[in-house]
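Following: one structure in structure tokens, then a few remarks.
The values are calculated or read from the model by the stated rules, or taken from the named source; none is laboratory data. Fair warning: this is a prediction, and the values are worked out from it, not measured in the lab. Cβ placement follows ideal geometry from the backbone for every residue including glycine, while neighbour counts extend to all protein chains displayed. Ligands, DNA and RNA are stripped out before the accessible areas are found, and what is left, the full protein with its side chains, is counted by its heavy atoms. Shrake-Rupley method; radii C 1.70, N 1.55, O 1.52, S 1.80 Å.
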Amino acid sequence: MFQLDSHPSGRHFLQIPGPTNVPDRVLRAMDNPTIDHRGPEFAKLTLEILEGLKDVFQTGKPVVIYAGSGTGAWEAALVNTLSPGDRVLMFETGHFATLWRAMAEKLGLVVEFVPGDWRSGVDPALVEAKLSEDRAHAFKAVMAVHNETSTGVASRIPDIRQAIDRAGHPALFMVDTISSLASIEYRHDEWGVDVTVAGSQKGLMLPPGISFNAVSDKALAASKNAKLPRAYWRWDETITMNRQGYFPSTPATNLLYGLHEALAMLREEGMANVFARHQRHAEATRRAVRGWGLEILCRNPDEYSGSLTAVMMPEGHDADAFRREVLARFDMSLGTGLGRLAGRVFRIGHLGFFNDLMLCGTLCGVQMGLAACGVPHKENGVRDALAFLTGDKEGKASHRRAA
Ligand SMILES: Cc1ncc(COP(=O)(O)O)c(C=O)c1O
């Protein structure tokens, strides 16, 4: 076995915003013999998973599962629906929006990339303005990252949908929910999303390795005429074979065992409770950040992320040096600053398989780390988070109530 000898005692705190902590139940489910993916047991597994995913994506439409990371599912969304030279509208909300744009350009799409400050989400008014100007309907798709994992900013997807509708524009609407699915409320059908892109390693509490496209009728229709080359990522073959519970190529069998178990856990907790738990932990974290006298990167409270909080380091202090010290002293991994935020922020992941005491341990680790590194701060962070979790009406939701 590969030795993780940097964790001599107790459990590592994996508080990056994905991959997240994998529940023992999911680990045990994966620890089963790999079976024949053309056999009858496998078909049953697939069909139960596809049924369970409906609740998580809030859709009655097909959800395509890939062996691949979220980046693969981004590519699948683009190559199934678009043609070389198509114009698409994207918004610079942070590092992941920037990477998705780069992929679109590599595939031969023409991207209008609306600049942003990496502290705000997609502005629905700007979506409406851009699409209203486009009388010839040159834009074939609008893309948004629901939860920008690099900044802790969640864009308002229903408001963006309404902006597209107000402009009367027929563009497809594609949304990256890689760090929001099963942690921040999301409704594929009701919010009129054409392609929802998701991954296994965050709210779904699985290891990395599988990813998803939820596909509307409109996106399926677009895929009939789309000309970008595609082979592995084709939706049609998978959707056809999935009806019988099979896949065109070898699926990630043991990850699918894990997914089956994770879906059961989400069902037992109830999606509304899952979302409320994430919001509550996010609020407690923000209170801690304010209690330390530090600044939350997200500017607009309407866009606070339920799954992670990005914290700005005081001038003259390196966020990565701080993270290194926290790892060395307390065996806790915090998220690094990505792209232009490198060294300037650290990110606290509070998503997935997570509870009050894990959050308290995480916040204690941050507070102890700030002291250890001589980062100027106030000592009120943990105190304020605890006051919220135990006292405030809003915060006083117990684990039991969520069950
Ligand atoms: C919002 C978002 N989009 C896309 C990706 C890329 O996914 P992956 O690293 O699984 O390819 C990530 C990864 O963290 C992400 O957080």
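Remarks
- Percent RCO, i.e. relative contact order, over the chain, from Cα pairs under 8 Å lying at least 6 residues apart: 23 percent
- Using bins of 5 Å that start at zero, the share of Cα-Cα pairs per bin across region 21-156 amounts to 2, 8, 14, 15, 17, 15, 10, 8, 6, 3, 1, 0, in whole %.
- Cα pair distances of the chain binned at 20 Å [whole percent]: 28, 57, 16, 0
- Remark: the chain carries 42 Å² of accessible area per residue (probe radius 1.4 Å; ligands, DNA and RNA excluded).
- Restricting region 86-164 to trypsin sites (Lys or Arg not before Pro) in coil, as DSSP defines it, with at most 15 other Cβ within 10 Å: 135
- Structural descriptor for region 286-351: relative contact order 33 percent, calculated from alpha carbon pairs under 8 angstrom and at least 6 residues apart.
- Computed in the context of the full set of protein chains, the accessible area of the chain at 1.4 Å probe radius has 54% of its extent on carbon or sulfur.
- Lysine pairs with alpha-carbon atoms under 20 Å apart, the chain, spacing 8 or more or separate chains: 13
- Applying 0.36 nm per residue to the separation of residue 383 and residue 187 and subtracting their alpha-carbon distance, the gain on full extension is 67.0 nm.
- Under the Debye formula (equal points on every Cα, no solvent term), log10 I(q)/I(0) of region 237-315 at q = 0.19 Å⁻¹: -0.86
- Per the Debye calculation on region 186-290 with a single equal scatterer at every Cα and no solvent contribution, log₁₀ I(q)/I(0) for q = 0.18, 0.19 Å⁻¹ amounts to -1.11, -1.19.
- Working from label points 7 Å from Cα in the Cα-to-Cβ sense, the residue 250 to residue 41 distance is 1.7 nm.
- Among the helices of the chain, those built from whole DSSP H runs whose Cα atoms reach 18 Å or more along their own axis and whose mean Kyte-Doolittle hydropathy is at least -1.0 are 40-57, 253-269, 271-291, 356-372.
- Here the contact order of region 157-206, divided by its residue count and restricted to Cα pairs under 8 Å and six or more residues apart, works out to 41 percent.
- Among the GluC sites (Glu not before Pro) in region 287-359, those placed in a DSSP loop whose Cβ has at most 11 other Cβ atoms within 10 Å are 315.
- Of the GluC sites (Glu not before Pro) found in region 181-243, those that fall in a DSSP loop while having at most 12 other beta-carbon atoms within 10 Å are 190.
- Fraction in percent of alpha-carbon pairs per bin - 5 Å, region 226-371: 2, 8, 14, 15, 14, 10, 11, 11, 8, 6, 2, 0
- In the chain, helices alone account for a calculated mean residue ellipticity at 222 nm of -13000 deg cm²/dmol, with every DSSP H run of four or more residues adding -39,500 (n - 2.57).
- Other residues lying with their Cβ under 12 Å from the Cβ of residue 128 contribute a combined charge of -2, Lys and Arg counting +1, Asp and Glu -1.
- With Cα atoms as the point set, the radius of gyration and Dmax of region 1-91 evaluate to 18.8, 55 Å.
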